[in-house]
Amino acid sequence: MVCAYCGAEVSGQPTFCPRCGRSLEAAQAGIAVAPALPATDTPHGVGGWLLLLCLALTIGIPLLTAYNWSKVFSFGFSNFPWFSLGLSVVMASFSFIAGVLLWKVHPRGLPVAKAYFVTEMALPVFFGARLLIEMLSTRIEMSAWTIFAAFIRPILMGLLGYLYLVRSRRVQATYSQARAATV
């Protein structure tokens, strides 16, 4: 016997399918029951690590940006790094938008989030080179922690986020369904 709902081979005369749990008697009696969705082991939907990523993008990064700049504002406005403030506000906004689009399972969510992580990796390379040249020419010393926080951490976090979006089975299953729904 074959289950009418999931297609599993059923031996003997059980009342319920051992695979999907639906009533085999209802199928034999001709009672119309909605077909089950295909069984899959691939997680989908915004959950697990994807939910954590959405929370980090929509809440964590903007709050961390605001906290870091609140410390800078306490030192006064002479020689204030306005360009850095503007750039970090743009990146925090970019992060928020990427997180919201991912959270809503919007078809553009995945490409926007990938673009955010690529930008997050590129900024320390572009602006870090200028800062390192300036640092070497003026003999300003930076601690290992400052170098890590300014250059290495954003590159590692961007790479980690990008690789998660590219390699995760949950992300692929969730956003392939979103793309298919819009087509």
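The values are calculated or read from the model by the stated rules, or taken from the named source; none is laboratory data. Just so it is clear, the structure is predicted and the values come from calculations on it, not from any experiment. Backbone-built Cβ (ideal geometry, glycine too); neighbour counts: all protein chains shown.
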Close pairs (7 angstrom Cβ cut-off, 6 or more residues apart or separate chains): over 14 Å from His44 (Cα atoms) and assigned by TED's automatic domain parsing to the domain that holds Val105 in the stretch 158-177, charged (D, E, K, R) and surrounded by 15 or more Cβ atoms within 10 Å (Cβ to Cβ) anywhere: Gly158/Glu120; Tyr162/Lys114
Residue within the stretch 80-90 that is at pLDDT 90 or above and either outside any loop (DSSP other than H, G, I, E, B) or touching a His at 6+ places or on another chain (Cβ under 6 Å) (or both) present: yes
Odd one out for Tyr164, checked against (1) more than 23 Å from the chain's Cα centre (by Cα); (2) modelled with pLDDT of 95 or more: (1)
Members of the stretch 108-134 that are surrounded by fewer than 15 Cβ atoms within 10 Å (Cβ to Cβ) and modelled with pLDDT under 90: Val125, Phe126, Ala129, Arg130, Leu132, Ile133, Glu134
Sole exception among (1) within 12 Å of the chain's Cα centre (by Cα); (2) not in a helix (DSSP H, G or I) for Pro111, by number: (2)
Residues (surrounded by fewer than 13 Cβ atoms within 10 Å (Cβ to Cβ) and in contact (Cβ under 8 Å) with a residue 24 or more places away in the chain) located in the stretch 56-71: Ala66
